[in-house]
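Let me begin by presenting the structure, written as structure tokens, before commenting on it.
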Amino acid sequence: MVERRGAGERAGAEGRTAAGDGERVMAYRAGDTALVVTVPEAESLVGRWREREDGIPAHVTVLVPFLPISRIDDTVRAELRALFQQHPAVDVGFRRVGRFPEVVYLAPEPAEAFVRLTESVVARWPETPPYGGAHDTIIPHLTLGRADVVEESALDGELPLTSRARAVTLLV
């Protein structure tokens, strides 16, 4: 990706959990950071179901958790910029709805672009496995909301959704 935008705030994150493949669940703590590609075109869909008090925009996660905020400094930011500049911007389509046991999501195409981003960050910072090592497979996704809340029929006529993934944002 060619750009990197600054840090955002993630309020109220302490104690939240996320589950992907249902094998293990990880808790997020204050001071955790994440690397995401925001997808503003999906805000109207995501806003219907997601708990918005966390302040996180619609996004595809590159890596969570990343480094603790105490380790984020100018050197890390410069390394992230250099790393992401090696990845070109990419047009992304969201045509398919997927499900994890607890979450409904949109699947980005091409998914490989996001997998490569994640693998690049983990290669540089191997102490930061995706989802804290809770899942063995990287499955890029844009979370719509909890499976017990999302009404998939409401997506009729809303897909496909397209976006240009051009920046990775560091969230705290």
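Test Gly93 against the stated conditions and say whether it is small (Gly, Ala, Ser), over 14 Å from Val60 (Cβ atoms) and touching a residue at least 40 places away in the same chain (Cβ under 8 Å).
Numbers: small (Gly, Ala, Ser): yes; over 14 Å from Val60 (Cβ atoms): no; touching a residue at least 40 places away in the same chain (Cβ under 8 Å): yes.
Here the answer is no, as Gly93 does not meet what is asked.
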Seminar exercise, completed: When every residue in the stretch 80-98 that is surrounded by 13 or more Cβ atoms within 10 Å (Cβ to Cβ) and of a type outside the set (A, V, I, L, M) is compared, the one nearest to Pro130 (Cα to Cα) is Phe84
Exercise. How many of the residues in the stretch 131-169 are in contact with a helix residue (DSSP H, G or I) (Cβ under 7 Å, 6 or more places away or on another chain), modelled with pLDDT of 95 or more and open to solvent by less than 40 Å² (accessible area, probe 1.4 Å)?
Worked result: 6
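Just the residues that are over 23 Å from Asp148 (Cα atoms) and either at pLDDT below 85 or touching a strand residue (DSSP E or B) at 6+ places or on another chain (Cβ under 7 Å) (or both), please, taken from the stretch 46-71.
First, pick out the residues of the stretch 46-71 that are over 23 Å from Asp148 (Cα atoms): 62-71.
Scanning the stretch 46-71 gives Val62, Leu63, Val64, Pro65, Phe66.
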For this session: Answer yes or no: is there a residue in the stretch 111-128 that is without any contact (Cβ under 8 Å) to a residue 60 or more places away in the chain and among the basic types (Lys, Arg).
Result: yes
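Going by what's in this entry, would Arg77 be described as open to solvent by 100 Å² or more (accessible area, probe 1.4 Å) and either within 19 Å of Glu43 (Cα to Cα) or over 17 Å from the mean Cα position of the chain (by Cα) (or both)?
Values: open to solvent by 100 Å² or more (accessible area, probe 1.4 Å): no; either within 19 Å of Glu43 (Cα to Cα) or over 17 Å from the mean Cα position of the chain (by Cα) (or both): yes.
Spelling it out, it is not the case that Arg77 is open to solvent by 100 Å² or more (accessible area, probe 1.4 Å) and either within 19 Å of Glu43 (Cα to Cα) or over 17 Å from the mean Cα position of the chain (by Cα) (or both).
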For this session: For the stretch 4-26, indicate whether the set of residues that are in contact with an Asp or Glu (Cβ under 7 Å, 6 or more places away or on another chain), modelled with pLDDT under 95, surrounded by 14 or more Cβ atoms within 10 Å (Cβ to Cβ) and under 17 Å from Leu170 (Cα atoms) is non-empty.
Result: yes
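The values are calculated or read from the model by the stated rules, or taken from the named source; none is laboratory data. Predicted model, so just to flag it, every value in this text is computed and none were measured. All Cβ positions, glycine included, derive from the backbone under ideal geometry; neighbour counts span all protein chains shown. The accessibility values were calculated without ligands, DNA or RNA, using every heavy atom of the protein model including side chains. Shrake-Rupley method; radii C 1.70, N 1.55, O 1.52, S 1.80 Å.
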